Amino acid sequence: MSNEVKITTPGIISTLKRSKFNENRFYRSIAQYIWNGFDAQATRVDIIYDFSSSGILKKLIVKDNGYGINHNELLSKFQPIFVSEKAGEDKNSKHNSIFHGKNGIGRFTFFTFANNATWTTTYKDNALNLKYNIDISANRLESFSGLEATPNVTDDSVGTTVEFTNFKRLKRKTKNKDSAKSVESEMVDYLKKEFCWYLELNKPNVKLSLNGIELDYSSLIKDKEDFKVVHTPSNKIFNVRYVQWLHFLEDEYSKYYYLNQNNKEIYKEHTTLNNKGDRFYHSLYISSQYFEDFNFHSNENSKQKNMVGGCRSDDIFKYLMKELNRFLRNKRKPFLREYAQKLIAEFEEEGIISKKNKDDFELIQVEDLEEVIQELYTTQPSIFHKLKKEQKQVLIGLLNLVLNSDERENVLEIMDQIVNLDSDERKELGNILKITNMSKIIKTMNLVKDRFEILAILSEILFDRELKANEVNHLQKIVEDHTWIFGEKYSLVAAAEDNFEKALKNHLKILRDYDGEVHISHPDKYKQVDIFICRQEKNHNSIHNLIIELKHPQKLLNEACLSQVKKYMRTIMAIDRFNADTYSWDFLLIGNKFDSLGYIKGEIENNKGKGERGLVHSQDKFNIYVRKWSDILNECDLRHQFLQDRLEIEKSKLIENLESPDEAVELAKNSAMVN
């Protein structure tokens with residue numbers, strides 16, 4: 001005789017699939033039978049299985065040593081489908097790890113991988129152990145056998161064995177040469193993530209084995225630590241075990257597990273850092289006699305104390321929570337810093353943050369932006385949680401704009417609009433903004449200092465005759481490495497022995513990332529220039545090119561020198577690939593002095609009305625300039641002196657606005673690190 005449940009097989013399968021039970025993740029179904037064993041207070045569950053070479057199940061048995069299924073309770077356990085009998089055992093089952101009833105549907109999930117399931121269960125009835133079988137077929141999930149059976153007295157130990165037969169061909173998303181190994185690996189990985197926290201909670205008393213080998217989930221543990229929390233006034237001791245998991249756990253969030261002195265779970269709840277938009281997956285197991293009579297349903301703000309046992313409002317529990325939260329935050333920080341680096345790398349890969357075509361000063365600004373992003377993520381990762389690319393672009397763009405303005409402190413207000421910052425987070429972010437600002441100032445000042453030193457060295461080479469410097473071995477080598485002397489963002493295209501053909505190849509590589517063969521048909525294609533640099537202008541629609549002709553410090557600039565530069569210009573004009581509509585060309589002849597014949601001075605005078613210093617020739621997009629090194633160095637010096645003076649003012653403001661000695665120490669430490 002069979003006993004019908006109140007829903008048909010299609011209805012049962014539909015309900016199961018809505019709960020994400022399907023053929024692709026058949027191991028999720030297997031997990032239900034393991035949970036059934038643990039829910040029956042089993043201390044050991046054994047899985048015996050075998051796959052064919054093509055990845056099809058040949059054998060699957062789930063065996064536990066739980067209390068079995070009492071025959072008198074069979075109808076109530078197998079008939080309801082939408083309300084699990086387990087849920088009725090504890091109204092607050094979400095705060096207890098014992099019960100995992102999936103609304104009474106777990107026992108039917110075998111339909112995803114097999115056609116038949118047989119339960120052989122032994123339970124204790126008074127002093128006797130009784131045994132009987134239950135059968136369900138996947139094509140008749142609405143019926144089960146067993147009610148008509150007469151349990152037999154047995155010497156077997158209590159427990160339940162579920163054996164599955166007539167296996168289905170599993171639907172796989174991917175094909176692997178070694179299908180059996182692939183399917184088995186997926187199953188084992190899933191079971192590790194599903195049960196690791198529970199096995200850790202109940203170790204060493206509860207075990208799960210696969211084909212006789214205890215499940216080893218150590219590969220999922222990123223960090224682990226045991227420590228004590230002692231509340232000195234009451235002499236209460238709490239033994240704490242912390243575990244950080246590498247991956248998100250299947251159906252369990254980051255939680256506190258409160259255990260009594262016998263390591264029996266009393267209650268569980270989310271930690272304060274659960275679901276904060278990061279990937280800091282963790283569990284804290286806290287055992288103490290203190291929890292034996294603790295009222296977990298009490299209010300932490302209540303002024304009324306319990307007559308017996310502790311409550312959330314007492315000083316002991318508040319102290320414990322404070323210490324645990326502090327511990328978690330300290331553990332989380334290095335993890336978040338590590339992940340923040342990955343986040344920044346993602347931003348760079350997506351083009352949201354770019355270092356391309358940035359000068360040295362802009363690169364410092366990018367570093368500042370990335371440091372602030374890292375600190376923001378470390379303090380409040382949910383700011384960046386689940387953002388679409390457009391949202392990321394808006395947020396990072398706004399941050400960059402504010403950080404490089406005089407309203408840097410407004411970053412706090414912007415972040416407060418995105419997430420509610422508590423007082424500690426606001427204070428922390430405020431300090432971070434000051435420290436990163438100081439870091440940016442010091443880095444920029446060091447860059448300016450280094451440039452002043454280069455200008456001083458260059459000045460010595462140019463004007464100290466006793467050094468006997470020349471343009472090829474000394475002057476040119478310095479200019480190659482420091483093209484900022486002529487402006488920011490220039491890329492070196494060619495120098496010294498590079499001819500026009502090689503220069504064109506380098507030019508295309510820099511601007512278009514083209515790395516193919518390049519050939520020029522021009523009689524002067526093997527001519528060499530001293531320095532050839534280029535840069536993309538801000539709108540990225542135009543390319544400015546600069547060819548520099550350097551002369552020996554003792555060489556007087558004359559008509560012959562200018563004629564050489566004009567020949568370079570005519571060569572460039574004759575090569576089509578150098579004459580795109582978006583290209584502009586400047587040619588610069590530099591020396592210490594003009595000759596006494598006055599030719600160069602006359603050319604400069606003739607072009608004075610065009611309003612450009614040193615201009616001697618202008619033709620369409622081509623301009624030729626003649627400049628003295630003394631003028632170029634003076635302009636460089638003035639440009640950098642202005643920046644240095646401004647930085648000194650900003651640095652002084654930061655120091656004047658110090659609010660505590662600790663803040664002063666942090667600023668000083670950061671300054672020392674940069675230097």
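The values are calculated or read from the model by the stated rules, or taken from the named source; none is laboratory data. These numbers were taken from a predicted model, which means no experiment stands behind them. Cβ coordinates were reconstructed from backbone atoms using ideal geometry, including for glycine residues, and neighbour counts include every protein chain displayed.
Tabulated data for the structure shown
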quantity	calculated
Subset of segment 253-292 (residues that are at pLDDT below 90, touching a Ser or Thr at 6+ places or on another chain (Cβ under 6 Å) and within 23 Å of Y190 (Cβ to Cβ))	N274
Selection status of E250, closer than 30 Å to Q380 by Cβ and modelled with pLDDT under 95	yes
Neighbours by Cβ (under 9 Å, 6+ apart or cross-chain): first from segment 344-368, without any contact (Cβ under 8 Å) to a residue 12 or more places away in the chain; second assigned to a loop (DSSP other than H, G, I, E, B) and surrounded by 13 or more Cβ atoms within 10 Å (Cβ to Cβ)	E346/I352
Only listed residue being hydrophobic (A, V, I, L, M, F, W, C), under 13 Å from L320 (Cβ atoms) and free of Cβ contacts under 8 Å to residues at least 40 places away in the same chain, chosen from F227, F291, F238	F291
Evaluation of E635 against (1) assigned to a helix (DSSP H, G or I); (2) among the charged types (D, E, K, R); (3) crowded, with 17+ Cβ neighbours inside 10 Å (one fails), failing number	(3)
Wholly within segment 214-332, strands (runs of 3 or more DSSP E) carrying at least 3 residues that are crowded, with 17+ Cβ neighbours inside 10 Å	236-245, 255-259, 265-270, 281-287
Segment 314-336 - residue that is in contact with a Ser or Thr (Cβ under 6 Å, 6 or more places away or on another chain) and modelled with pLDDT of 90 or more and, of those, nearest to L201 (Cα to Cα)	N325
Contacts under 9 angstrom Cβ, first residue in segment 190-219 being assigned by TED's automatic domain parsing to the domain that holds Y257, partner assigned to a loop (DSSP other than H, G, I, E, B) and at pLDDT 95 or above, 6 or more apart	none
Answer residue from segment 338-381, given it is among the acidic types (D, E) and not in a helix (DSSP H, G or I) and is surrounded by the most Cβ atoms within 10 Å (Cβ to Cβ) among those	D359
Any chance K305 is modelled with pLDDT under 85 and over 30 Å from K94 (Cα atoms)	no
Residues located in segment 462-473, provided they are surrounded by fewer than 17 Cβ atoms within 10 Å (Cβ to Cβ) and under 19 Å from L557 (Cα atoms)	F463, D464, R465, K468, N470, V472
Residue check for S439: among the hydroxyl-bearing types (S, T, Y) and either over 44 Å from the mean Cα position of the chain (by Cα) or surrounded by fewer than 17 Cβ atoms within 10 Å (Cβ to Cβ) (or both)	no
Residue count, segment 120-137 (criterion: buried (at least 18 other Cβ atoms within 10 Å of the Cβ) and not polar (S, T, N, Q))	6
Tabulated pairs, segment 442-467, first polar (S, T, N, Q), second outside any helix (DSSP H, G or I), C-beta under 7 angstrom, 6+ apart or interchain	N446/N675
Close pairs from segment 141-155: first farther than 10 Å from F78 by Cβ, partner part of a loop (DSSP other than H, G, I, E, B) and not hydroxyl-bearing (S, T, Y), Cβ under 6 Å, at least 6 apart	E142/V5; E148/M1
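For (1) surrounded by 14 or more Cβ atoms within 10 Å (Cβ to Cβ); (2) touching a Leu at 6+ places or on another chain (Cβ under 7 Å), each residue gets a yes or a no:
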| position | (1), (2) |
| --- | --- |
| H544 | yes, no |
| P553 | yes, yes |
| K567 | no, no |
| I572 | yes, no |
| F587 | yes, no |
| S596 | no, no |
| G609 | no, no |
| K621 | yes, no |
